[in-house]
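Participant: Before anything else, here's the structure in question.
The values are calculated or read from the model by the stated rules, or taken from the named source; none is laboratory data. This is a predicted model, so every value here is computed, not measured. Here the Cβ positions follow ideal geometry from the backbone for every residue, glycine too, while neighbour counts run over all protein chains shown. Side chains are part of the model used for accessible areas, which takes the heavy atoms of the whole protein and leaves out ligands, DNA and RNA. Shrake-Rupley method; radii C 1.70, N 1.55, O 1.52, S 1.80 Å.
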Amino acid sequence: MNIDWLAFLIVAVATLVSALFVVGSYGLGVRLLAVAADAPETRRPAYRGLAYLSFAVAAVAVGYGIYLIVPAFH
C-alpha cells in the first residue's frame, strides 16, 4: 500500500484554504452587521448590503463544497 503524499498535501491545503475562506467571509458579514448597527443612518444600508453579500458568498462556497462531495449531484 502506497500513499500519494503529494495528493494528500494538495487536499489538506485546499481544505485549509477553503475553510479559511468560508469562515472569513462569514466573519466579515458579522463584522459588517455590527458596524451597520453603529453607523449613521445614511451608511447603514450599504453596510447591511455588504454583510448580506458576504453571507451569500459563504453560503455559495458551502453549497459548492457539498456539490463536490456528494456524487448524486453530478
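Participant: Per residue, what accessible area does the chain have, given a 1.4 Å probe and all protein chains present, in Å²?
Facilitator: 80 Å²
Participant: Further question on the same structure: Using the Karplus curve 6.51 cos²θ - 1.76 cosθ + 1.60 with θ = phi - 60°, work out ³J(HN,Hα) for each residue of the range 57-74 in order, rounded to whole Hz, and write x for Gly and Pro.
Facilitator: 4, 5, 5, 5, 5, 5, x, 5, x, 5, 4, 6, 7, 8, x, 5, 7, 8
Participant: Between residue 38 and residue 12, with labels modelled 7 Å along Cα→Cβ, what's the label distance in nm to one decimal, could you check?
Facilitator: Reported label-point gap for residue 38 and residue 12 is 3.9 nm.
Participant: Tell me, what is the Rg over Rh of the chain, with Rh the Kirkwood radius over Cα pairs?
Facilitator: 1.22
Participant: At a 1.4 Å probe, what is the % contribution of carbon and sulfur to the accessible area of the chain?
Facilitator: 75 percent
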